[in-house]
Amino acid sequence: MKKIIAICVLSLFAANGFSQVESGQTGAWYMYFFNRQFKNSQFGIQGDLQYRNWNTLGDLEQLLVRTGLTYTPKESKVLLTFGYANITTGVFGDSNDISSENRIYQEALIPQKIGSRIYLTHRFRYEQRFVEDQDFRTRYRYNLFMNVPINKYSLEKGAIYAALYNELFINGQEDIGNSRTVELFDRNRTYLGLGYVIKSRQRIQLGWMNQKTVALGKGQLQLSFHHNF
């Protein structure tokens, strides 16, 4: 628990310590998350589709397709994932230039409940990145999610809930090839939103995410659908 608290504190310092001038235009991310546990099995699949825009719609920031095979150890709620992602990244403004990235990742999701209403999830992710025109890269990520029901005591059908998260990204190396370097600190994301439980396995969320890198900070609207089928 002390290690988890230390990571959370580090995330908050990163969010405040790297504050930069905000980009004037708000972006928008439209996202679909899915999860399925195979019947009578410890295995399953999970993933997400994300269409990210520099603006509200039309100026492509990223198109992300990600999926992975999951495994849940017996008598455990921990979800382990081995997955793959493909990311197409656009350039801000009128340019149609794009670049691509293929990514392999390993992930652990650890749920935790505090009291009767606070639902936490710790996500640890390690990525191996094959970015166009760059050397092989790795990255470490830690995300702390928190969902708090407002009108009910659990995340059941009809529940409205507050959704918050903070995610810290750390690069595995600074040299990316051709005499180019990056900082060890990659970025930090802080999110606040509202969610609604449509039914036990379907939720929708709308919120605001602020993303800060060494170079800039930018606000993003996020609309997401979460589907456990």
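The values are calculated or read from the model by the stated rules, or taken from the named source; none is laboratory data. Computed from a predicted structure; not experimentally measured. Neighbour counts are summed over all protein chains in view; Cβ atoms, including those assigned to glycine, are modelled from backbone coordinates with ideal geometry. Heads up: the accessible areas ignore ligands, DNA and RNA and are worked out on the full protein's heavy atoms, side chains in. Shrake-Rupley method; radii C 1.70, N 1.55, O 1.52, S 1.80 Å.
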Worksheet item: If you scan region 171-195, which residues turn out to be open to solvent by less than 40 Å² (accessible area, probe 1.4 Å) and either among the charged types (D, E, K, R) or within 16 Å of W208 (Cβ to Cβ) (or both)?
Response: D186, N188, R189, Y191, G193, G195
Worksheet item: Give me the pairs: first residue in region 205-226 and assigned to a loop (DSSP other than H, G, I, E, B), second residue surrounded by fewer than 19 Cβ atoms within 10 Å (Cβ to Cβ), beta-carbon distance under 7 Å, and six or more apart or on different chains, which are they?
Response: V214/F18; V214/E183; V214/F185; A215/Q20; L216/Q20; L216/V21; L216/S23
Worksheet entry | Matching entry among L109, L79, L144 (being surrounded by 18 or more Cβ atoms within 10 Å (Cβ to Cβ), of a type outside the set (K, R) and over 27 Å from G27 (Cβ atoms)) | L79
Discussion item. On the basis of being buried (at least 16 other Cβ atoms within 10 Å of the Cβ), more than 18 Å from the chain's Cα centre (by Cα), within 24 Å of T70 (Cα to Cα) and of a type in the set (K, R), does R129 make the cut?
Written reply: no
Response to the item:
If we ask which residues in region 112-126 are surrounded by 14 or more Cβ atoms within 10 Å (Cβ to Cβ) and touching a residue at least 12 places away in the same chain (Cβ under 8 Å), their number turns out to be 9
Response to the item:
Condition set open to solvent by less than 70 Å² (accessible area, probe 1.4 Å) and modelled with pLDDT under 95, scope region 91-106, selection nearest to R139 (Cα to Cα): answer is V91
Worksheet entry | Filter result (in contact with an Asp or Glu (Cβ under 9 Å, 6 or more places away or on another chain) and either open to solvent by 80 Å² or more (accessible area, probe 1.4 Å) or within 16 Å of N228 (Cα to Cα) (or both)) within region 26-45 | M31, Y32, F33, F34
Practice prompt. Could you run through region 37-94 and say how many residues are in contact (Cβ under 8 Å) with a residue 24 or more places away in the chain, outside any strand (DSSP E or B) and closer than 17 Å to P111 by Cα?
Written response: 6
Worksheet, complete the sentence: Of the listed residues (E167, E174), the one being over 21 Å from L109 (Cα atoms) and either acidic (D, E) or touching a His at 6+ places or on another chain (Cβ under 6 Å) (or both) is E174
Worksheet entry | Matching residues, region 63-76, being touching a Gly at 6+ places or on another chain (Cβ under 7 Å) and either at pLDDT below 95 or open to solvent by less than 40 Å² (accessible area, probe 1.4 Å) (or both) | R66, G68, T70
Worksheet item: Can you find a residue in region 155-162 that is in a loop (DSSP other than H, G, I, E, B) and more than 27 Å from F38 (Cα to Cα)?
Response: no
Item to complete: State whether one or more residues within region 136-144 are out of contact with any strand residue (DSSP E or B) (no Cβ under 9 Å at 6 or more places or on another chain) and over 21 Å from K218 (Cα atoms).
Response: no
Practice prompt. State whether one or more residues within region 161-170 are without any contact (Cβ under 8 Å) to a residue 12 or more places away in the chain and open to solvent by less than 60 Å² (accessible area, probe 1.4 Å).
Written response: no
